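A.B. asks: This is the structure, below, for whatever I ask next.
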Amino acid sequence: MNTFDINDNSKIFMGLALELAKSAYENDEVPVGAVIVQRRNSEVLAAFSNQMRAQTSAIAHAEILAIQKATEIGVSKIIPCITEYTNIKNINEKNLSQNTVEASEQSLRLDIPSIEKEIDLKSLLESWPMDRKLIYCNEKNTDNTSIIETMISIKNTTKKWAVLVGPEGGFSSAEQDLILKNNNVISVSLGKTILRSDTAITVALFCIKEITS
């Protein structure tokens, strides 16, 4: 039988698996969450939760899950971003706001995150505040450094963080270049597999919260 030491990274991964299981439970699924990690460099190879009873509209369901998990983990602001591959162009702000209220109540938050008006990617980057780092979950990142290793090395550089996750299908090549040219963007890898948008948001936000808090 193999034995494994429980270190700080192990606690992060176990916490993430529990968070994903909680997400499944709250969406009337069997509460199962799993995180597959490469032990050598603490790279997340895959992260997922049970979704056997997923709604008919997988895209709309992913959007709701992303809002729910971001709220529960503790974000203060959510900015819908329109990209070339965005599937839902008309954002139902009232519906999203209702989801933040329900998720805040579920997680016993005393405040509710704001949902900004949707904005195109170029405008978002051009107006990005200089004092806030933007963690870009880059599925094309060729660097083998995991998000955990990256965050540990830069966690003391600022107190303000944000996460950028692409739509189903990712960002176009032109958008990728535009993102990486921004001085406040930090490109990170979530592993070798391509995660659903809602799963990527959960993984990234949870890692950032655990490492910087």
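The values are calculated or read from the model by the stated rules, or taken from the named source; none is laboratory data. Given the structure is predicted, the values throughout are model-derived calculations rather than measurements. Glycine gets a Cβ as well: all are built from the backbone with ideal geometry, and neighbour counts include every protein chain shown. Protein only, heavy atoms only, side chains kept; ligands, DNA and RNA dropped before computing areas. Shrake-Rupley method; radii C 1.70, N 1.55, O 1.52, S 1.80 Å.
A.B. asks: When residues of region 168-211 are filtered for being hydroxyl-bearing (Ser, Thr, Tyr), surrounded by fewer than 19 Cβ atoms within 10 Å (Cβ to Cβ) and closer than 13 Å to Ile135 by Cα, how many remain? Before you say what the answer is, go through the steps one by one.
C.D. replies: Step one: filter region 168-211 for residues hydroxyl-bearing (Ser, Thr, Tyr), giving 172-173, 187, 189, 193, 197, 199, 202.
Narrowing the set further to residues that are surrounded by fewer than 19 Cβ atoms within 10 Å (Cβ to Cβ) leaves 172-173, 193.
Then drop every residue that is not closer than 13 Å to Ile135 by Cα, which leaves none.
Going through region 168-211 one residue at a time, the tally reaches 0.
A.B. asks: Same structure, new question: If the Cβ limit is 7 Å and pairs must be 6+ apart or interchain, which residue in region 102-123 that is closer than 20 Å to Ile88 by Cβ pairs with which residue that is part of a loop (DSSP other than H, G, I, E, B)?
C.D. replies: Sorted first by the residue in region 102-123, then by its partner, the pairs are Pro113/Val75; Pro113/Ser76; Glu116/Ile79; Glu118/Pro80; Glu118/Ile91; Ile119/Ile79; Leu121/Thr83.
A.B. asks: Which condition number in (1) surrounded by 14 or more Cβ atoms within 10 Å (Cβ to Cβ); (2) modelled with pLDDT under 75 is the one that Leu45 fails?
C.D. replies: Only one criterion in (1) surrounded by 14 or more Cβ atoms within 10 Å (Cβ to Cβ); (2) modelled with pLDDT under 75 is unmet by Leu45, namely (1).
A.B. asks: Another one. Would you please name the residue that is most open to solvent (accessible area, probe 1.4 Å), looking only at residues in region 85-117 that are touching a strand residue (DSSP E or B) at 6+ places or on another chain (Cβ under 7 Å), assigned to a loop (DSSP other than H, G, I, E, B) and at pLDDT 90 or above?
C.D. replies: Glu116
Residue-by-condition table, conditions (1) in contact with a His (Cβ under 8 Å, 6 or more places away or on another chain); (2) of a type outside the set (A, V, I, L, M); (3) modelled with pLDDT of 90 or more:
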position: Ala162; (1), (2), (3): no, no, yes
position: Pro167; (1), (2), (3): no, yes, no
position: Gly170; (1), (2), (3): no, yes, no
position: Glu175; (1), (2), (3): no, yes, yes
position: Ile179; (1), (2), (3): no, no, yes
position: Asn182; (1), (2), (3): no, yes, yes
position: Leu190; (1), (2), (3): no, no, no
position: Thr199; (1), (2), (3): no, yes, no
position: Leu205; (1), (2), (3): no, no, yes
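A.B. asks: Quick one: is Asp131 at pLDDT 90 or above, farther than 19 Å from Thr83 by Cβ, more than 11 Å from the chain's Cα centre (by Cα) and of a type in the set (Asp, Glu)?
C.D. replies: Details: at pLDDT 90 or above: yes; farther than 19 Å from Thr83 by Cβ: yes; more than 11 Å from the chain's Cα centre (by Cα): yes; of a type in the set (Asp, Glu): yes.
In short, yes.
A.B. asks: State whether the residues of region 132-141 include one that is exposed (fewer than 15 other Cβ atoms within 10 Å of the Cβ) and over 26 Å from Ala34 (Cα atoms).
C.D. replies: Yes; the residues of region 132-141 include at least one that is exposed (fewer than 15 other Cβ atoms within 10 Å of the Cβ) and over 26 Å from Ala34 (Cα atoms).
A.B. asks: Also, quick follow-up: Check region 134-148 and report whether any residue there is assigned to a loop (DSSP other than H, G, I, E, B), touching a Ser or Thr at 6+ places or on another chain (Cβ under 9 Å) and more than 30 Å from Ser10 (Cβ to Cβ).
C.D. replies: No; the residues of region 134-148 include none that is assigned to a loop (DSSP other than H, G, I, E, B), touching a Ser or Thr at 6+ places or on another chain (Cβ under 9 Å) and more than 30 Å from Ser10 (Cβ to Cβ).
A.B. asks: May I ask you to list the residues in region 157-167 that are under 17 Å from Leu205 (Cα atoms), in a loop (DSSP other than H, G, I, E, B) and either open to solvent by 30 Å² or more (accessible area, probe 1.4 Å) or in contact (Cβ under 8 Å) with a residue 40 or more places away in the chain (or both)?
C.D. replies: Lys159, Lys160, Val165, Gly166, Pro167, listed by residue number.
A.B. asks: Filter region 148-173 for residues that are in contact with an Asp or Glu (Cβ under 8 Å, 6 or more places away or on another chain), at negative phi and not basic (Lys, Arg) and give the result.
C.D. replies: Matches in region 148-173: Thr158, Gly166, Phe171, Ser172.
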